[in-house]
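**Student:** Following this message is one structure expressed as structure tokens.
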Amino acid sequence: MAKTLSPVAVTFSTQKGAMKPAKLPLNDVRTKFRIMQQEPNAPAVTPALPDGLRIVKAEEYKEAALCLAQAFAEDDVARYFIDVPDREHWSEEEKWALHVEILEYVTYAHILKGLVTTIGDNYEGVALWMPPGQNMDDFLTILRSGMWRLNYRLSAEGKRRFFTEFLPLLHDTKHATLGERDDDSWYLVYIGTKPGARGKGYCRKLIEHVTKQADREGRAVYLESSNKKNPPIYKRFGFETTRTVHLQRSEKNVELDIMVREPAAVAQEKK
Ligand SMILES: CC(C)(COP(=O)(O)OP(=O)(O)OC[C@H]1O[C@@H](n2cnc3c(N)ncnc32)[C@H](O)[C@@H]1OP(=O)(O)O)[C@@H](O)C(=O)NCCC(=O)NCCS
């Protein structure tokens with residue numbers, strides 16, 4: 001029997017995945033929500049696919065999300081919403097299930113509104129992109145991807161961290177960094193390779209697929225790096241750190257390096 005939720009509004013005011021504030025009335029939304037199997041929108045421009053790379057389809061969202069879940073299993077930012085004081089009583093299995101679930105919603109939203117690519121025989125590497133001018137802040141995408149469920153799955157502290165600290169910080173930082181180009185740049189929202197598949201060039205292929213297109217278009221590429229190990233890797237692809245921002249609600253200082261890659265011609269002029 002389908003339950004209905006009490007009258008409540010979910011406010012998404014975000015940016016990881018380019019979401020803006022949206023009010024979502026949930027009176028008639030079933031709690032047993034099933035993600036609708038519909039064809040995703042094609043991204044504004046789909047860069048030509050190099051050998052070995054392919055676009056993830058809607059029916060593959062779980063496999064793609066699992067790759068990201070494994071890649072980000074110990075990532076301080078991914079865990080920031082899960083390792084919270086009011087979920088200390090949760091088992092590791094429960095936390096892992098929530099971690100996977102979050103990445104499933106995010107992956108599906110990017111299949112619908114962005115570009116999701118994968119490489120390897122078993123989704124060894126996955127990248128989530130938001131093309132220029134696209135975002136996932138509309139009602140239908142929030143509904144269809146399951147993103148709205150975060151309002152119920154995260155704890156009170158998890159929600160404070162996600163909705164009132166993390167998403168506004170990313171949104172404001174991206175806007176402050178890119179200015180007028182905010183809606184005219186490629187956004188690498190997530191990239192990960194499974195631990196056993198690292199060092200094989202998968203990340204390079206996933207990134208260069210879009211950076212080559214961005215060069216042709218004369219567009220910047222933007223990302224947030226959640227691990228101090230990564231800026232040297234991204235530097236190899238032409239990204240530069242422009243600033244560092246901090247998440248401050250946990251005892252541990254959680255840093256994000258903001259990196260921008262200028263299109264090749266602009267980068268050349270600056271040298
Ligand atoms: C970051 C990550 C995606 C790299 O994936 P990968 O498939 O191992 O990377 P590649 O094999 O394509 O290597 C890319 C380049 O970085 C270099 N590199 C890889 N690991 C490196 C390391 N630990 N230190 C320095 N350089 C490194 C490689 O030599 C390569 O450069 P080259 O092509 O000029 O030789 C992967 O480590 C990962 O998933 N990490 C966990 C999730 C994460 O942090 N994602 C990024 C979030 S911002």
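**Student:** Could you list, in sequence order, all residues of region 65-77 that are farther than 12 Å from Glu101 by Cα, in a helix (DSSP H, G or I) and under 14 Å from the mean Cα position of the chain (by Cα)?
**Tutor:** Taking region 65-77 first, the residues farther than 12 Å from Glu101 by Cα are 67, 70-77.
Next cut, in a helix (DSSP H, G or I) only: 67, 70-71, 76-77.
Listed by number, the residues that qualify are Cys67, Ala71, Val77.
**Student:** Out of region 90-128, which residues are hydroxyl-bearing (Ser, Thr, Tyr) and touching a His at 6+ places or on another chain (Cβ under 7 Å)? Explain how you work it out, then say what you get.
**Tutor:** Going through region 90-128, the residues hydroxyl-bearing (Ser, Thr, Tyr) turn out to be 91, 105, 107-108, 117-118, 123.
Once the filter is applied, which keeps residues that are hydroxyl-bearing (Ser, Thr, Tyr) and touching a His at 6+ places or on another chain (Cβ under 7 Å), region 90-128 yields only Thr117.
**Student:** Something else about it: Could you list all residues from region 143-188 that are among the small types (Gly, Ala, Ser) and modelled with pLDDT under 95? Quick ask: steps written out before the conclusion?
**Tutor:** First, the residues of region 143-188 that are among the small types (Gly, Ala, Ser): 145-146, 155-156, 158, 176, 179, 185.
Hits for region 143-188 are Ser145, Gly146.
**Student:** Further question: In region 226-271, what count of residues is obtained for those that are of a type in the set (D, E, K, R) and touching a Phe, Trp or Tyr at 6+ places or on another chain (Cβ under 6 Å)?
**Tutor:** If we filter region 226-271 for residues that are of a type in the set (D, E, K, R), which is where we start, we get 228-229, 235-236, 240, 243, 249, 251-252, 255, 257, 261-262, 269-271.
Now restrict to residues that are touching a Phe, Trp or Tyr at 6+ places or on another chain (Cβ under 6 Å): 261.
Counting residues in region 226-271 that are of a type in the set (D, E, K, R) and touching a Phe, Trp or Tyr at 6+ places or on another chain (Cβ under 6 Å) gives 1.
**Student:** Could you list all residues from region 224-258 that are crowded, with 19+ Cβ neighbours inside 10 Å and under 19 Å from Glu180 (Cβ atoms)?
**Tutor:** Selection gives Ile258 alone.
**Student:** Something else: Among the residues of region 108-122, which ones are polar (S, T, N, Q) and outside any loop (DSSP other than H, G, I, E, B)? Let's see the steps before the verdict.
**Tutor:** In the first step, residues of region 108-122 are kept if they are polar (S, T, N, Q); the result is 117-118, 122.
Across region 108-122, the qualifying residues are Thr117, Thr118.
**Student:** Any chance region 80-89 includes a residue that's part of a strand (DSSP E or B), closer than 28 Å to Arg198 by Cβ and at pLDDT 95 or above?
**Tutor:** Within region 80-89, the first condition is being part of a strand (DSSP E or B), and the residues that meet it are none.
No; the residues of region 80-89 include none that is part of a strand (DSSP E or B), closer than 28 Å to Arg198 by Cβ and at pLDDT 95 or above.
**Student:** Please report, ordered by residue number, the strands (runs of 3 or more DSSP E) entirely within region 155-271 with at least 3 residues that are in contact (Cβ under 8 Å) with a residue 40 or more places away in the chain and away from the ligand (no atom under 12 Å from the Cβ). Give the steps one after another, and end with the answer.
**Tutor:** Values: elements: 186-193, 221-225, 239-247, 254-261.
By residue number, 239-247, 254-261.
The values are calculated or read from the model by the stated rules, or taken from the named source; none is laboratory data. Computed from a predicted model, the values in this text were never measured in an experiment. When we count neighbours, we look across all protein chains shown, and the Cβ atoms used for this are built from the backbone with ideal geometry, even at glycine.
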